[in-house]
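Report on the following structure.
The values are calculated or read from the model by the stated rules, or taken from the named source; none is laboratory data. Being a predicted model, the structure only gives us computed values, none of them experimental. Every residue, glycine among them, receives a Cβ derived from its backbone with ideal geometry; neighbour counts consider all protein chains shown. Surface accessibility is based on the protein's heavy atoms, side chains included, excluding ligands, DNA and RNA. Shrake-Rupley method; radii C 1.70, N 1.55, O 1.52, S 1.80 Å.
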Amino acid sequence: MKKHLFRVKQLADQTVGRAEKTEVLTEDLVTTEKRVKLLEQTCGSTYKRLFQTLSYQPSSDRDPDRRMKKLPESQVSAQLQESSTQLDGGLGLLANIYHLCGDGYFGLGKTRLGYEQDVEALVLNPLNDFLETDFPYIAKLKKQLNKLTLDMDAVKGRYQSMLKQTAQVAPQNATAHQVKVEQLKQEQDEAQARVEQCKDSLATELYKMCSRQSEFGRLLVRMMELQQEYHRKALLSIEQLMPKLHHWEGGLLHLRARALHLRLGAGERIVQECDLFQGRS
């Protein structure tokens, strides 16, 4: 209980600046720790923004069919197909164009679904592993190091205090007092050893994380490669669809020209009949 109260007092004194806190991290480790925190910050920001580009929530919806229905392209496709059915009764040529456009949007939806699934598996999941596993482990080690350092400072303070009291100890209590001093000295050595061991573990993880910058770079490049592949496939599907659309569009233009020709012919006959009537009168 006495040790616990001393530790609480030590923490309070360090908080308000009355007690000196041992700095166990070297300047190089402090710099490395700042770089790792920057990596964590940028990794988290990238994950958040990229996640927001998805049309569904990966963690809550694993069914590809339901994901497909939520895509804007799929919703446009369904509307176009419905319009095609409605127009099929007397506007067959236009209905065919609606139908083809519906197929086109459905294909774009499938391409987008594949792209988003790849982004989730090849970019978001690895980033999430960093955020949920690697960075928290480093934070855990740092928290543990702070606790061990506080413990070491506390036992060091008790040891120094006991040493100062040595000259004031009565001769009959000198032996017992010396035993307590030696016990505190051993506790201090053990506490310092634990601090050094934890510091070495933290340093290892910090340097390891900094050395993994190439992995972060690869994920970013992979993200853009997936974008490139997605747009290439989308463009290819549209290019394959356009000849069919132009064919049916030509049919509509031919139908329009024919209707215009018929209207012009009817107009000429009306003019001729009017001229004939005026001649008779």
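Looking only at segment 114-138, which residues have a backbone nitrogen under 20 Å from a spot 7 Å from the Cα of ARG222 in the C-beta direction?
Backbone N within reach: 114-136.
Could you give the Stokes-Einstein D for segment 27-148 in µm² per second, using the C-alpha Kirkwood radius, 4 °C, 1.567 mPa s?
The estimated diffusion coefficient comes to 72 µm²/s.
First compute the accessible area of segment 75-179 with a 1.4 Å probe, then give the percent of it belonging to carbon and sulfur atoms.
On segment 75-179, the fraction of accessible area on carbon and sulfur atoms equals 54 percent.
Work out how much length VAL30 to CYS210 would gain on full extension: take 0.36 nm times their residue separation and subtract the Cα-Cα distance, in nm to one decimal.
The VAL30-CYS210 span can extend by a further 63.5 nm.
By how many nm would the segment from THR175 to LYS37 grow when fully extended, if each residue of separation counts as 0.36 nm and the alpha-carbon distance is taken off?
Computed gain between THR175 and LYS37 is 44.6 nm.
May I ask you to order 217-227, 139-149 by the average number of other C-beta atoms within 10 Å around their residues, highest value first?
139-149, 217-227
If I take every Cα pair under 8 Å that is 6 or more residues apart in segment 59-137, average their sequence separation and divide by the length, what percent do I get for the relative contact order?
Relative contact order, segment 59-137: 29 percent.
Could you give the length gained on full extension between GLU229 and LYS70, defined as 0.36 nm per residue of separation minus the Cα-Cα distance, in nm?
Answer, rounded to one decimal: 55.1 nm.
When Lys and Arg each count +1 and Asp and Glu each count -1, what net charge do the other residues less than 15 Å away from HIS247, Cβ to Cβ, add up to?
Local charge sum for HIS247: -2.
Could you sort out which of LYS143/LYS180; LYS48/LYS110; LYS21/LYS142; LYS142/LYS199 sit more than 18 Å apart by Cα distance in this structure?
Result: LYS143/LYS180; LYS48/LYS110 exceed 18 Å.
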